[in-house]
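Asker: Structure incoming, see below.
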Amino acid sequence: MTKWGTMRGGWRGAAMAALGCTLLCSPLAAQVSSYGDKQSGENSGDQLPQVLQRVGVTQKLNQQLPLDAQFVDDTGKPVHLGDYFGKHPAILTLVYYNCPMLCSEELDGLAGALEMVKLTPGKDFNVVVISIDPSDTPEIAAKKKAYYVKRYGRPETAGGWHFLTGQRPSIDRVTDATGFGYVRVPGPDGKLTQFAHASSIEVVTTDGKLAQYYLGVEYSPKDILLGLIEASGNKIGSPVANILTYCYHYDPQTNKHSLIVARVVQLGGVVTVAGLGGFMFLMFRRDMKLGRDHDLTKKENG
């Protein structure tokens with residue numbers, strides 16, 4: 001390769017590498033929390049904000065759920081938690097239906113994972129979703145169920161999806177049994193209408209005992225399949241790494257400043273990419289001109 005070809009390839013490769021790093025590393029595609037999606041709290045080092053000190057999931061494997069706890073299903077019918085056990089295992093998740101953030105991510109992750117699990121809700125297992133918010137209604141629960149059954153893509157399995165609401169005593173019995181810690185927190189309007197909580201789903205045996213925990217909002221279809229198969233035989237799994245995803249609100253005023261900072265950083269990323277693009281355009285033009293001059297020199301010398 002000629003010296004000119006080496007130089008040309010060198011700067012072009014460097015420019016493309018720099019552009020790739022800018023596109024991948026700049027905050028152009030970064031998510032910016034919507035107004036009111038964050039809550040202020042003192043945080044030093046790896047110390048959790050104070051509001052999250054009482055929030056988490058304590059894994060209580062082999063714990064019996066309160067099967068006599070009373071709830072209302074998404075049709076408005078009074079039920080007991082035990083109505084969903086006896087024949088099949090179940091996947092249990094604790095959310096609240098008006099949650100603006102993590103709960104939807106959790107249910108999306110569950111529905112997405114179940115799409116790849118070769119078992120059928122209602123036939124092989126049940127999905128039991130319980131709201132931790134006593135103000136949630138069967139009407140809201142019915143809308144959530146309709147959305148996720150459609151999201152799952154198998155409408156014939158609707159009988160295996162159960163979205164429940166209830167009052168504080170029954171909710172507390174289930175959250176205590178599952179080790180699900182949460183606290184009520186103010187929403188953007190300052191009213192105590194939202195909850196700080198972690199994200200998890202639990203696989204429950206046919207007799208209503210906690211068999212396995214899966215934490216976060218993304219779940220392995222293979223792990224869920226194995227957990228359901230073992231739970232169908234009333235086998236109890238092992239604890240998993242306690243890496244939690246939290247859902248809680250920040251102070252709106254603090255979040256306003258955060259948005260300003262994020263937008264400034266985003267603008268900087270835009271300027272960086274634009275500048276690099278202009279640089280590459282000029283260098284390509286120079287490359288073409290020098291290439292033509294180089295060809296002419298070779299012809300004259302020839």
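Asker: Please verify whether Pro134 is under 17 Å from Pro100 (Cα atoms) and not charged (D, E, K, R), treating the condition exactly as stated.
Answerer: Values: under 17 Å from Pro100 (Cα atoms): yes; not charged (D, E, K, R): yes.
Yes.
Asker: I would also like to ask the following. From the list Val117, Val128, exactly one residue is crowded, with 18+ Cβ neighbours inside 10 Å, assigned to a loop (DSSP other than H, G, I, E, B) and touching a Leu at 6+ places or on another chain (Cβ under 7 Å). Which is it? Step through it out loud before you land on a result.
Answerer: Values: Val128 fails: assigned to a loop (DSSP other than H, G, I, E, B).
Of the residues listed, the single one that is crowded, with 18+ Cβ neighbours inside 10 Å, assigned to a loop (DSSP other than H, G, I, E, B) and touching a Leu at 6+ places or on another chain (Cβ under 7 Å) is Val117.
Asker: Would you call Glu139 farther than 24 Å from Thr205 by Cβ, out of contact with any strand residue (DSSP E or B) (no Cβ under 9 Å at 6 or more places or on another chain) and either aromatic (Phe, Trp, Tyr) or in a helix (DSSP H, G or I) (or both)? Working first, answer last.
Answerer: On the way: farther than 24 Å from Thr205 by Cβ: yes; out of contact with any strand residue (DSSP E or B) (no Cβ under 9 Å at 6 or more places or on another chain): yes; either aromatic (Phe, Trp, Tyr) or in a helix (DSSP H, G or I) (or both): yes.
So Glu139 fits the description; yes.
Asker: Looking only at residues that are part of a loop (DSSP other than H, G, I, E, B) and in contact with a Gly (Cβ under 7 Å, 6 or more places away or on another chain) in region 61-74, which one is surrounded by the most Cβ atoms within 10 Å (Cβ to Cβ)? So that I can check it myself, show each step before the final result.
Answerer: First pass over region 61-74, keeping only residues part of a loop (DSSP other than H, G, I, E, B): 61-63, 65-69, 73-74.
Then drop every residue that is not in contact with a Gly (Cβ under 7 Å, 6 or more places away or on another chain), which leaves 61, 65, 67-68.
Details: Leu61: 16, Leu65: 25, Leu67: 14, Asp68: 10.
Checked region 61-74; the qualifying residue surrounded by the most Cβ atoms within 10 Å (Cβ to Cβ) is Leu65.
Asker: How many residues are part of a loop (DSSP other than H, G, I, E, B) and of a type outside the set (Val, Ile, Thr) if we restrict to region 75-98? Walk me through how you get there before you give the answer.
Answerer: Initially, region 75-98 is screened for residues part of a loop (DSSP other than H, G, I, E, B), giving 75-77, 85-89, 96-98.
Subsequent filtering for residues that are of a type outside the set (Val, Ile, Thr) retains 76-77, 85-89, 96-98.
Result for region 75-98: 10.
Asker: In addition: Being in a loop (DSSP other than H, G, I, E, B) and under 17 Å from Tyr97 (Cα atoms) is the filter here; which residues of region 192-232 pass it? Step through it out loud before you land on a result.
Answerer: As a first pass, look at region 192-232 and keep what is in a loop (DSSP other than H, G, I, E, B): 192-193, 199, 205-208, 216-220.
Leu192, Thr193, Ser199, Val217, listed by residue number.
Asker: Out of region 142-164, which residues are part of a strand (DSSP E or B) and not hydrophobic (A, V, I, L, M, F, W, C)?
Answerer: Going through region 142-164, the residues part of a strand (DSSP E or B) turn out to be 161-164.
Listed by number, the list holds a single entry, His162.
Asker: Test of understanding: among Arg154, Arg184, which residue is in contact with a Leu (Cβ under 8 Å, 6 or more places away or on another chain) and of a type in the set (D, E, K, R)?
Answerer: On the way: Arg154 fails: in contact with a Leu (Cβ under 8 Å, 6 or more places away or on another chain).
The match here is Arg184.
Asker: Does region 157-166 contain any residue that is surrounded by 15 or more Cβ atoms within 10 Å (Cβ to Cβ) and touching a Cys at 6+ places or on another chain (Cβ under 6 Å)? Working first, answer last.
Answerer: Going residue by residue through region 157-166, those that are surrounded by 15 or more Cβ atoms within 10 Å (Cβ to Cβ) are 157-158, 160-166.
In the following step, the residues that additionally are touching a Cys at 6+ places or on another chain (Cβ under 6 Å) were identified as none.
Taking every residue of region 157-166 in turn, none turns out to be surrounded by 15 or more Cβ atoms within 10 Å (Cβ to Cβ) and touching a Cys at 6+ places or on another chain (Cβ under 6 Å).
Asker: So in region 77-88, with the set limited to residues that are in contact (Cβ under 8 Å) with a residue 60 or more places away in the chain and in contact with an Asp or Glu (Cβ under 8 Å, 6 or more places away or on another chain), which one is surrounded by the fewest Cβ atoms within 10 Å (Cβ to Cβ)? Full working, then the answer.
Answerer: Kept after step one, since they are in contact (Cβ under 8 Å) with a residue 60 or more places away in the chain, are these residues of region 77-88: 79, 81-82, 84-88.
Retained after the next criterion (residues that are in contact with an Asp or Glu (Cβ under 8 Å, 6 or more places away or on another chain)): 79, 81-82, 85-86, 88.
Working: Val79: 16, Leu81: 26, Gly82: 14, Phe85: 20, Gly86: 10, His88: 20.
Step by step, filter region 77-88, then rank; the result is Gly86.
Asker: Still on this model: Just to be sure I understand, how many residues within region 179-234 are within 19 Å of Gly122 (Cα to Cα), surrounded by fewer than 16 Cβ atoms within 10 Å (Cβ to Cβ) and in contact (Cβ under 8 Å) with a residue 40 or more places away in the chain?
Answerer: 2
We did not get these values from a lab; they are worked out from the coordinates using the rules stated. Just so it is clear, the model here is predicted, and its values are computed rather than measured. As a convention, Cβ positions derive from the backbone with ideal geometry for all residues, glycine included, and neighbour counts pool all protein chains shown.
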